[in-house]
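To keep things clear, I will list the structure first and then write my remarks on it.
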Amino acid sequence: MHIVRTIPDLRAALAARPGRPAFVPTMGNLHDGHIALVAQAKPLGDTLVASIFVNRLQFLPHEDFDSYPRTWDADCDRLEAAGCDIVFAPREGDLYPEPQTFKIQPDPQLADILEGHFRPGFFTGVCTVVMKLFSAVFFAAGGGTAVFGKKDYQQLMVIRRMVQQFALPVDIVAGDTARAADGLALSSRNGYLSAEERAAAVQLSQALRALAQAALAPGAAPLATLEQLALEQLAQQGWAPDYLTVRQRGDLQVPQGAASAGALVALGAARLGGTRLIDNLEF
Ligand code: PAF
C-alpha cells in the first residue's frame, strides 16, 4: 500500500497505474463502517484510494476538531487489510498551503437545513474539501467512482447535487450504514460515549424507527405533531435533540400530503451528554 502526502505525489502515483480510481474519503479513526465502504469501493475501480484528512473547514470553532480521534497506525493496518492501494493523507499545509479563500457554496435549500442549520458552514467545508480531493484523485484519470456512507445522509445528497451541478465525472455510490448489534450506527464519535451513554445511545435509532412507523400508520397525525412527540420523548430519555424529522429522500424537503413508504427518510441529530450523534432511516 502506497502512502502519499501531497497532491503532486498522489497524481504521480495514480499516473503510474492504468484505469480509473475508486475513492473513499474519510477523516480517519476507521471503524467497520468505513471498512465496509472500502470493501464496496474495491471492485468499482482499478485503483482503490482512501483519504485520511481531518478537515478543519467543516468544524465550527467550538466543535471537536482538536480532540477528533486520530488513529493513524490502526487506520493504515485496516486499509491495507481491506485491499487499499493508495492512502492519501495530506498534512494540513499540503491540502491548504494558503488559506482556502475559494470555497464551494452549496445550494442553501439543501445545505442550510438540518445539519447545516445546526452547524452553519459545515457543508461549505465539506464540499470545498471534497471538490479538492476529487480534483486530486480524479482529474488526471478523467473520472471514477466515490463511495459515501448513508450514515451522513444529508452529506451524501449535497455531494450528489454538487457533482450533478458541476458535471463532475464522478459516480457517487451510497454505502449502507453499519450498525452495532444493538442497532447503534457506527461512528467515530461513539468513542466519546461513557459506558452508560453507550448503552442508551441506541435510543436515537429507536426514536427514528418509531417516528417512521408512526408516520405510516393509517390515520396518522400530521408529521409536525409526530416529530414534536418524538423530540419530547427523546428529551425525556435525557437527550438534547436538535431535530427528528421525516423528509423526502432526494431533496430533503418536507413531504407534501400523506406519508407513503419508499420515498422518505427519517433523520435525527441529538446530544447525549457531551456527544452529538446523528442517524437516519430510509422508509
Ligand atoms: O464524512 C466524512 O468523513 C467527511 O465529511 C469527508 C467526506 C471525509 C470530508 O471531510
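The values are calculated or read from the model by the stated rules, or taken from the named source; none is laboratory data. Computed from a predicted model, the values in this text were never measured in an experiment. Neighbour counts are summed over all protein chains in view; Cβ atoms, including those assigned to glycine, are modelled from backbone coordinates with ideal geometry.
Of note:
- For segment 238-254, residues that are at pLDDT 95 or above and closer than 18 Å to VAL158 by Cα total 9.
- Flag if VAL24 is of a type in the set (A, V, I, L, M, F, W, C) and either within 12 Å of the ligand (Cβ to nearest atom) or in a helix (DSSP H, G or I) (or both): yes
- Checking MET1 against (1) of a type in the set (A, V, I, L, M, F, W, C); (2) in contact (Cβ under 8 Å) with a residue 40 or more places away in the chain; (3) touching a Cys at 6+ places or on another chain (Cβ under 8 Å); (4) crowded, with 20+ Cβ neighbours inside 10 Å, the condition it does not meet: (4)
- Per the conditions (1) exposed (fewer than 14 other Cβ atoms within 10 Å of the Cβ); (2) part of a loop (DSSP other than H, G, I, E, B); (3) on the phi < 0 side of the Ramachandran plot, the sole criterion not satisfied by CYS84 is (1).
- Hits in segment 255-268 - residues which are small (Gly, Ala, Ser) and either over 18 Å from TYR153 (Cα atoms) or in contact with a Leu (Cβ under 7 Å, 6 or more places away or on another chain) (or both): GLY257, ALA258, ALA259, SER260, ALA261, ALA266, GLY268
- Yes/no for THR6 being without any contact (Cβ under 8 Å) to a residue 60 or more places away in the chain and not charged (D, E, K, R): no
- Taking segment 45-73 as the range and being crowded, with 18+ Cβ neighbours inside 10 Å, more than 15 Å from the ligand (Cβ to nearest atom) and either at positive phi or not in a loop (DSSP other than H, G, I, E, B) (or both) as the test, the residues that pass are THR47, LEU48.
- Within segment 261-274, tally of residues that are in contact with a helix residue (DSSP H, G or I) (Cβ under 8 Å, 6 or more places away or on another chain) and either assigned to a loop (DSSP other than H, G, I, E, B) or exposed (fewer than 13 other Cβ atoms within 10 Å of the Cβ) (or both): 3
- Residue within segment 136-158 that is over 13 Å from ALA50 (Cβ atoms), without any contact (Cβ under 8 Å) to a residue 24 or more places away in the chain and within 12 Å of the ligand (Cβ to nearest atom) present: yes
- HIS31 farther than 20 Å from CYS127 by Cα and more than 16 Å from the ligand (Cβ to nearest atom): no
- Considering (1) within 15 Å of the ligand (Cβ to nearest atom); (2) assigned to a helix (DSSP H, G or I); (3) under 16 Å from the mean Cα position of the chain (by Cα); (4) of a type outside the set (Gly, Ala, Ser), the lone condition that LEU110 does not fulfil carries the number (1).
- Segment 139-154, subset touching a Ser or Thr at 6+ places or on another chain (Cβ under 9 Å) and within 26 Å of ALA12 (Cβ to Cβ), residue surrounded by the most Cβ atoms within 10 Å (Cβ to Cβ): GLY144
- Lone unmet requirement of (1) modelled with pLDDT under 95; (2) within 16 Å of the ligand (Cβ to nearest atom) for PRO18: (2)
- Residue ID - modelled with the highest pLDDT, chosen from residues in segment 202-225 that are among the hydrophobic types (A, V, I, L, M, F, W, C) and more than 29 Å from ARG160 (Cα to Cα): ALA214
- Residue pairs whose Cβ atoms lie under 8 Å apart, sitting 6 or more positions apart in sequence or on different chains, and linking a residue in segment 171-192 that is basic (Lys, Arg) to a partner that is surrounded by fewer than 17 Cβ atoms within 10 Å (Cβ to Cβ) and assigned to a loop (DSSP other than H, G, I, E, B), are ARG189/ASP64.
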